[in-house]
Amino acid sequence: MAPQRKTFPRLFLARPEPFRLGGERVFLRPAERNDYEQWAELRARSRDFLTPWEPSWPVDALSRTNFRARVARYAEDWRTDQGYNFFIFRSDEVLAGGIGLSNLRRGVAETASLGYWIGAPFARQGYMSAALPLVLDFAFDRLRLHRVEAACLPINVASRALLVRTGFQQEGYARQYLLINGKWQDHLLFAILKDDWRG
């Protein structure tokens, strides 16, 4: 006689709600596999807009396989406390961009690096200005970090303005700091401390 299968109340079979950081104009949550269509469409529409500010895109940049690997890497980073990446959604659940913390250093540093991108149709509409405080609250309250660092190209006026407006202070200038759009490029270095944010 075959063993009876246990049955569970429907409550336990329901998929849990994804982790969210909510704000007035946007909410943030980790990427999921079923975000692929929205993500691929937005990135494709924004390619010319994003290319000057990002590392060169691989040939399969917009493939489903690449996206699944990205989602898996994000989940592993989260699990191991190495990074926390989020997609930015408008309140109507339309994907607008991405933002995250990477390269977490614990111990005597308690620091992470900030990165972000916004889709071309949503640029200069205040969505990143709404998303960044949510990530800083998460960094300083949930993760208990002491410092969040950011870097941007000197010619990226919009990114510089965002960081300064949010409370970051410029701390330096790094020559040939990152390989962006196929070239080693200089960057301005910014940081914000927990005391700055709470002050």
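A short reminder: the numbers here are calculations on the coordinates, not readings from a lab. Here the structure is a predicted model, which is why all the values come from computation and not from measurement. We place every Cβ from the backbone using ideal geometry, glycine too, and count neighbours over all the protein chains shown.
If I compute mean projected area of the Cα convex hull in nm² from the structure I just sent, which labelled value in (1) 15.3; (2) 20.8; (3) 11.5 lines up?
Identified label for the calculated read-out: (1).
Just need the relative contact order of region 76-199 here, percent rounded to a whole number, with Cα pairs under 8 Å and 6+ apart. Walk me through the numbers before you get to the answer.
Numbers: 194 pairs, mean separation 22.3, N = 124.
Relative contact order, region 76-199: 18 percent.
List, in order, the whole-Hz ³J(HN,Hα) value for each residue of region 131-141 obtained from phi through the Karplus relation with A = 6.51, B = -1.76, C = 1.60 and θ = phi - 60°; use x for Gly and Pro.
Each residue of region 131-141 in turn: 7, 4, x, 5, 5, 5, 4, 4, 4, 8, 8 Hz.
Based on alpha-carbon centroids, what's the gap between region 39-112 and region 145-189 in Å, whole number please?
18 Å
Taking neighbour Cβ counts within 10 Å as the exposure measure, how do Lys183, Lys194 sort from fewest upward?
On the way: Lys183 9, Lys194 17.
Ranked by crowding around the Cβ, least crowded first: Lys183, Lys194.
To the nearest 20 Debye, how big is the dipole of the chain about its Cα centre, given +1 on the beta carbon of each Lys and Arg and -1 on that of each Asp and Glu?
Details: 29 positive and 22 negative charges, 109 e Å.
Rounded to the nearest 20 debye, it is 520 debye.
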